[in-house]
Amino acid sequence: MTATLLLLVGLSTAAATFVALVRVRHPSALSFPVMMAGWLTGEYPLFHLTGQAIVAGLLIVGGALEETRGVIGIVLVVLSMLGLLRVQHVARSAAPTAEAALRTGLGDDYLDRLSAASRARLRTEGDPRTSRNPVSFDRSSLTISTDIAYGPHPKRHLLDIYRPADMPAGAPVVIQIHGGAWIIGHKQQQAQPLLHRLARSGYVCVSINYRLGPTFRFPDQIIDVKRAIAWVRENIEQHGGDPSTIILTGGSAGGHLSSLAALSAGRRELQPGFEDADTSVAGCVPFYGPPDFADRHGIRGRMAAMRPFLERMVMPDKLADDPESWDAVSPITHIGPHAPPFFIIQGTHDVLVWKEEARDFQTRLRDVSRRPVVYWEVPGAQHAFDTLNSVRSGAAVDAVERFVGWVAATSTILDEEAR
């Protein structure tokens, strides 16, 4: 029995380590379990290594190596543990690649544009505590106001505000839009490392809910995001925020919505009832957001298309019946010179949103935008890698803090140059 258990442990751990090391995109039906295994293993390899060593040791003491199955199992466990060391090494390479991306997009001297106070708050190296406790967040210096209504829907038109305990004055504002394939998710479930870090650094952070499919179909989701932007611009001064410096961010579906909102500011058909509200933003930081619902450039191909899911759960009509509506909610169709500064973040191992999609999006955006575009491919990162504390999410938080600091310091100058 112990030999069989050790074999099963070896097979499962080796498989999990493999998908943390190698991007496995096919068959597409397995994308979600592959994502989950790759995310949990890839972000916490030392936890897995320790657990594997303890379990294998207990089974060996119980006599697992007395049978061939047990020997095969321990070989697989050892291979998995060696692979996990490689996973940890790749994770630690994230921070320097982020800095290289920022320098490429903004210039080698980009940090000189930040105020002295902003530069003093920047982390120069990762916080080791974040990888030891994935769900620990320091709230001691923060004030968090929850469930503030920004619209008429009683459950989904709600937002939370994170800010320093000492009321700031004129602080830059970051709006976080949660992911969840446009059908699930909540404002308190994602980007907690980023929200807590930026709030401690003097930013006012707003995390929003929005209406979800399949009950509510597009464009309801993007209308809600724009409604939230309009609310923030009208009300955020009461919470210490600067309504002229609003930066959007979000992951997955939230990455899509943040990009779409940033690129479609002022589109009256997406702002029913508040057509004249100013929904422009100073910057955008989308994490692994799908840029093109229609896959018009054939990047995914027929076997890995998102279309069946979108038609069933998200969009009001099929692509063939209403291609204009699909264009209206695809960020890639709204690209233009008017785009604010972008910091596009995409994991190399993401199996739900492919790096090829992000590369195409950033190339097309960079070709026409008057403002900088930063593109960072996070080595070894799976979808949702930034959800909890980890080495890679810490690197992402540090990089985003640098970018939003740069945006806050230069937004007025960039607007004048764009004119």
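So in segment 192-217, with the set limited to residues that are of a type in the set (K, R) and closer than 19 Å to R123 by Cα, which one is surrounded by the most Cβ atoms within 10 Å (Cβ to Cβ)? Looking at the filtered set, the residue picked out is R197.
I'd like to know if segment 324-331 contains one or more residues that are in the same structural domain as K187 (by TED's automatic domain parsing), among the polar types (S, T, N, Q), at pLDDT 95 or above and in contact with a helix residue (DSSP H, G or I) (Cβ under 8 Å, 6 or more places away or on another chain). Yes, segment 324-331 has at least one match.
Condition check ((1) polar (S, T, N, Q); (2) more than 21 Å from the chain's Cα centre (by Cα); (3) under 17 Å from S12 (Cα atoms)) across all residues:
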{"residue": "G42", "(1), (2), (3)": "no, no, yes"}
{"residue": "P45", "(1), (2), (3)": "no, no, yes"}
{"residue": "A53", "(1), (2), (3)": "no, yes, yes"}
{"residue": "G62", "(1), (2), (3)": "no, yes, no"}
{"residue": "G70", "(1), (2), (3)": "no, yes, yes"}
{"residue": "I74", "(1), (2), (3)": "no, yes, yes"}
{"residue": "A91", "(1), (2), (3)": "no, no, no"}
{"residue": "L102", "(1), (2), (3)": "no, no, no"}
{"residue": "L114", "(1), (2), (3)": "no, yes, no"}
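Here segment 1-52 is the region considered, the condition is being β-branched (V, I, T) and not in a helix (DSSP H, G or I), and the residue that is farthest from M306 (Cα to Cα) is V22.
Taking S244, is it within 21 Å of D292 (Cβ to Cβ) and of a type in the set (S, T, Y)? Spelling it out, it is not the case that S244 is within 21 Å of D292 (Cβ to Cβ) and of a type in the set (S, T, Y). Set side by side, the residues L85, L7 differ, and just one is crowded, with 21+ Cβ neighbours inside 10 Å and outside the structural domain of V135 (by TED's automatic domain parsing), which is L7. Does Q346 meet the test of being surrounded by 23 or more Cβ atoms within 10 Å (Cβ to Cβ), within 16 Å of the chain's Cα centre (by Cα) and within 20 Å of A305 (Cβ to Cβ)? For Q346, the condition - surrounded by 23 or more Cβ atoms within 10 Å (Cβ to Cβ), within 16 Å of the chain's Cα centre (by Cα) and within 20 Å of A305 (Cβ to Cβ) - is met. Can you confirm whether K187 is basic (K, R), surrounded by fewer than 19 Cβ atoms within 10 Å (Cβ to Cβ) and at negative phi? No: the conditions fail for K187. So if I check each of L102, L122, L114, which one is at pLDDT below 95, hydrophobic (A, V, I, L, M, F, W, C) and in contact with a Lys or Arg (Cβ under 7 Å, 6 or more places away or on another chain)? Answer to the selection: L122.
Any residue at all in segment 146-164 that's assigned by TED's automatic domain parsing to the domain that holds P308, without any contact (Cβ under 8 Å) to a residue 40 or more places away in the chain, part of a loop (DSSP other than H, G, I, E, B) and closer than 29 Å to M315 by Cβ? There is at least one residue in segment 146-164 that is assigned by TED's automatic domain parsing to the domain that holds P308, without any contact (Cβ under 8 Å) to a residue 40 or more places away in the chain, part of a loop (DSSP other than H, G, I, E, B) and closer than 29 Å to M315 by Cβ. The single condition from (1) at pLDDT 95 or above; (2) outside any helix (DSSP H, G or I) that A199 fails is (2). Only residues that are closer than 14 Å to Y288 by Cβ and hydrophobic (A, V, I, L, M, F, W, C) were counted across segment 377-403, and they come to 6.
The values are calculated or read from the model by the stated rules, or taken from the named source; none is laboratory data. These numbers were taken from a predicted model, which means no experiment stands behind them. Don't worry about glycine lacking a Cβ; one is built from the backbone with ideal geometry, like all the others, and counts go over all protein chains shown.
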